[in-house]
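Enquirer: Structure in structure tokens, see below.
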Amino acid sequence: MDKILRNRKAVLVFLLPALLVYVFTVLAPILWSMYFSFFSWDGVSDMVYIGFANYAKMFGGDKTFWKAFGNNLIYVFIIVAMQVFLGLLVAILLTSITKGRELFKTLYFAPAIITSVAIAQLFTSLYSFEPVGILNFILQQLGLGGWSKPWLSDLKWALGAVSVPEGWRYIGLYMIILYTALLSIPSDIEEAARIDGASSWDLFWSIKMPLIKPVLTVSIIMATTGALKGFDIPYLMTNGGPGRVTELLPTYMYKTAFSSLDFGYGSAMAVFIVIESLIAVAFIRRMMESKET
Amino acid sequence: MNYSRYSKAFLAVISFVLLIIQVYPLIWVFISSFKAPTDFSSSNPLSLPSRFTFENYLSVWRKGNLGTYFSNSLIVAVTTIALVILFSAMAAFVIEKMRFKWAQSVLFLFLCGIMIPIQVVLIPLFILYNKTGIINTLTSLILPQVGFALPISIYLFVSFYKYISNEIMEAAVMDGCGIYQVFWRMIFPLSRNTIVTVVVMNLIFIWNEFIFANTFIHDLSSRTLPVGLMDYIGQYGLTDWGATYAAISITTIPTMLVYFIFNKSVISGMTAGATKG
């Protein structure tokens, strides 16, 4: 038996296909990106080694980069708030209703399975001003017609408007993760607290929240890293415009590489997106842990 | 939780309102796909179609290349998923069941992939595919999608294989099975449920994939559905909304069907994928 399980040739036969594809499409490209980020290159002429110049330009002189970075933070904030906060709210509501939980779960999750291109088009028409889209129509019906506006071309509101669809589509995913966590709390803990006279609010805030904190931390990390690489929907809805008000780092990186054909600078930004995600994960872990004491 | 009757009713109402916000837009797209062109100039976007018409669907089918896009999407999805299942089941078998010194390191290496943003591989892969000439072919979509689907798929298979006892493998070996037969005749068929989860989860991601398709494909003839949907946006500065809604509906129906049939597997797969990162 042992000999059969140690068959080296079989190990290679089973492992190599996965390993080769994975290394060549996921791991190695990261190293290539780092390498390209030290060059000036348009993809056609010769690559010119320029050391850290791309990074110096990124951090030093590029206003659009910082604009995109700032937008990205707002984008992340809106999405995390929607996905984790609303997800948690719905999860709590769900534990309190008795009928139709399964149906609710199934329906809430439905937007998560639709392509971002369709979601971008759907929201473009919801936000539409002329012909009037659902959002502006409802505002008018509520007597708030003064608030109706072309959301995606409004300088003040466009960034918020492109953030909402991404938040909206995955509320169901976080709802289910948090709902599962809430359900896994043993009911005797709840009963004991009740007997000690805890109110529903106490029960939630001082007993349930600490118990689901690990899952909550993971949810915040997922929502944050997901939003940091957010690309499809803003790219499709506004392509960074009007002006640069909805430009995010991934959209800026994409345009730099594939429209301006500046592969070196684009790679430097891609590397920055990875590092930024890693830092965000470490930061959230630290923050959630320190809140414990 | 113990709530009074009133607060329970209140919670039910809020849940219901939130449900409408989640689901109504999808229903609205579907309803709007049956509207006649004149309905779109009406001042009430919430209204029902004045008469149900299939014109939009017909015009999508006649004008667009949706048939080509659809079959491209299908080829990419089927090939990618077949490769993902095969490669990840085999790799997970080595990692979990065979005696192999580096098993845990290899697993760790694969799991790192869950964290990696797709953007970082776009430029190098674009350059590589350009040089090797596979740019603009469906292969340029299949390869990276297999690569990015492997980490979570391997993770799901490994978690399942943990529950297969070594004794039944030993019994099979006693009966004269070699290592390949143990895998093909026994382990692989036993993992049917995991296979279903991996298939439906990946099917939805792959069917909806946009970035690779938008970056690596420029020919109309190799486009997949999500990129094809962009045909309807702002062409000639005007959007044909009826056709757009019809095209969205056609694109979304397959994933909706898969979802409503296998929703447990879809949800468990996607949440496993998510919580692991």
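The values are calculated or read from the model by the stated rules, or taken from the named source; none is laboratory data. For clarity, every value in this text was computed on a predicted model and none was experimentally measured. Methodologically, a virtual Cβ is constructed for each residue, glycine included, from the backbone with ideal geometry; neighbour enumeration extends over all protein chains shown. When the accessible area is computed, the model is the full protein with side chains, heavy atoms only, and any ligands, DNA or RNA have been set aside. Shrake-Rupley method; radii C 1.70, N 1.55, O 1.52, S 1.80 Å.
Enquirer: Of the residues B:Val196, B:Val84, B:Val13, which exhibits the maximal mean-square fluctuation in a Gaussian network model of chain B defined by a 10 Å Cα contact cut-off?
Expert: B:Val13
Enquirer: Report the accessible surface area buried between chains A and B, summing both sides, using a 1.4 Å probe on protein heavy atoms only, in Å² rounded to the nearest 100.
Expert: 8500 Å²
Enquirer: Going by amide H atoms built from the backbone, whose H comes under 5 Å of the H on A:Phe39, apart from near neighbours?
Expert: Result for A:Phe39 returns A:Ile50.
Enquirer: Mind listing, in residue-number order, the residues in segment B:72-96 that have at least 20 Å² less accessible area with every protein chain present than in their own chain alone (1.4 Å probe)?
Expert: B:Phe87, B:Met90, B:Ala91, B:Val94
Enquirer: Also, I was wondering about something else. Do any residues of segment A:84-101 show a loss of at least 50 square angstrom of accessible area between the isolated chain and the full protein assembly, using a 1.4 Å probe, and if so which?
Expert: The answer is A:Leu93, A:Ser96.
Enquirer: Which residue, A:Ile275, A:Ile207, A:Ile97, tops the fluctuation ranking in a GNM of chain A built on C-alpha contacts under 10 Å?
Expert: Top of the fluctuation ranking is A:Ile97.
Enquirer: On the protein heavy atoms, probe 1.4 angstrom, tell me the percent of accessible surface of segment B:68-272 carried by carbon and sulfur.
Expert: Carbon and sulfur: 66 percent of the exposed surface of segment B:68-272.
Enquirer: Okay, moving on. At 1.4 Å probe radius, can you tell me the per residue accessible area of segment B:68-272 in Å²?
Expert: Accessible area per residue: 40 Å².
Enquirer: So, one more: 222 nm [θ] for chain B, helices only, -39500 (n - 2.57) per DSSP H run of 4+, per residue, to 500?
Expert: -22500 deg cm²/dmol
Enquirer: Over segment B:3-63, what is the relative contact order in percent, taking alpha-carbon pairs closer than 8 angstrom and at least six residues apart?
Expert: Relative contact order comes out at 28 percent.
Enquirer: Pop out the ³J(HN,Hα) list for segment A:170-182 in order, Karplus 6.51 cos²θ - 1.76 cosθ + 1.60 with θ = phi - 60°, rounded to Hz; leave Gly and Pro as x.
Expert: With coefficients 6.51, -1.76 and 1.60, one gets 10, 4, x, 4, 6, 4, 5, 4, 6, 4, 4, 5, 5 Hz.
Enquirer: If the cut-off is 14 Å between C-alpha atoms, which aspartates and glutamates fall inside it for B:Lys131, apart from same-chain ones fewer than 8 positions away?
Expert: Partners within reach: none.
Enquirer: Please give every one of the aspartates and glutamates within straight-line cross-link reach of A:Lys255, meaning a C-alpha to C-alpha distance under 17 Å, and leave out same-chain neighbours fewer than 8 residues apart.
Expert: A:Asp42, A:Asp62, A:Asp232, A:Glu247
Enquirer: Among the listed pairs A:Lys208/A:Lys229; A:Lys3/B:Lys101; A:Lys67/A:Lys149; A:Lys9/B:Lys97; A:Lys99/B:Lys8; A:Lys105/B:Lys264, which are separated by more than 21 Å between their Cα atoms?
Expert: Long pairs (Cα-Cα over 21 Å): A:Lys208/A:Lys229; A:Lys67/A:Lys149.
Enquirer: Still on this model: For segment A:187-293, which whole percent of the accessible surface, found with a 1.4 angstrom probe, sits on carbon and sulfur atoms?
Expert: In segment A:187-293, the share of accessible area belonging to carbon and sulfur is 61 percent.
Enquirer: For segment A:92-137, which whole percent of the accessible surface, found with a 1.4 angstrom probe, sits on carbon and sulfur atoms?
Expert: 68 percent
Enquirer: Once you keep just the Cα pairs under 8 angstrom separated by 6 or more residues, what percentage relative contact order results for segment B:77-146?
Expert: The value is 48 percent.
Enquirer: Then there's this: So what are the ³J(HN,Hα) numbers for segment A:117-128, from phi and the Karplus equation (6.51, -1.76, 1.60; θ = phi - 60°), rounded to whole Hz, Gly and Pro as x?
Expert: Using θ = phi - 60°, the values come out as 5, 5, 5, 4, 5, 4, 6, 4, 7, 5, 7, 4 Hz.
Enquirer: Which whole-Hz ³J(HN,Hα) couplings does segment B:198-211 yield from phi under the Karplus relation 6.51 cos²θ - 1.76 cosθ + 1.60, θ = phi - 60°, glycine and proline marked x?
Expert: 5, 5, 5, 4, 5, 4, 5, 4, 6, 4, 9, 4, 10, 5
Enquirer: If I model a spin label as a point 7 Å beyond the Cα along the Cα-Cβ vector, how far apart are those points for A:Ala282 and A:Ile207 in nm?
Expert: Result for the modelled spin labels: 3.9 nm.
Enquirer: Taking H as built 1.01 Å from N, whose amide H comes closer than 5 Å to the amide H of A:Gly133, not counting residues under 5 places away?
Expert: A:Ser128
Enquirer: Under a GNM of chain A (C-alpha, springs under 10 Å), which listed residue has the highest mean-square fluctuation: A:Thr251, A:Thr95, A:Thr217?
Expert: The residue with the greatest mean-square fluctuation here is A:Thr95.
Enquirer: Tell me the relative contact order for chain B as a rounded percent, counting alpha carbon contacts under 8 Å between residues six or more apart.
Expert: Computed value for chain B: 29 percent relative contact order.
Enquirer: Turning to a different aspect of this structure: Can you give the calculated 222 nm mean residue ellipticity of chain A, where each DSSP H run of n ≥ 4 adds -39,500 (n - 2.57) and the sum is split over every residue, rounded to the nearest 500 deg cm²/dmol?
Expert: After summing the helix terms and dividing by residue count, I get -19500 deg cm²/dmol.
Enquirer: Largest first, how would A:Leu94, B:Leu138 line up by accessible area (1.4 Å probe)?
Expert: B:Leu138, A:Leu94
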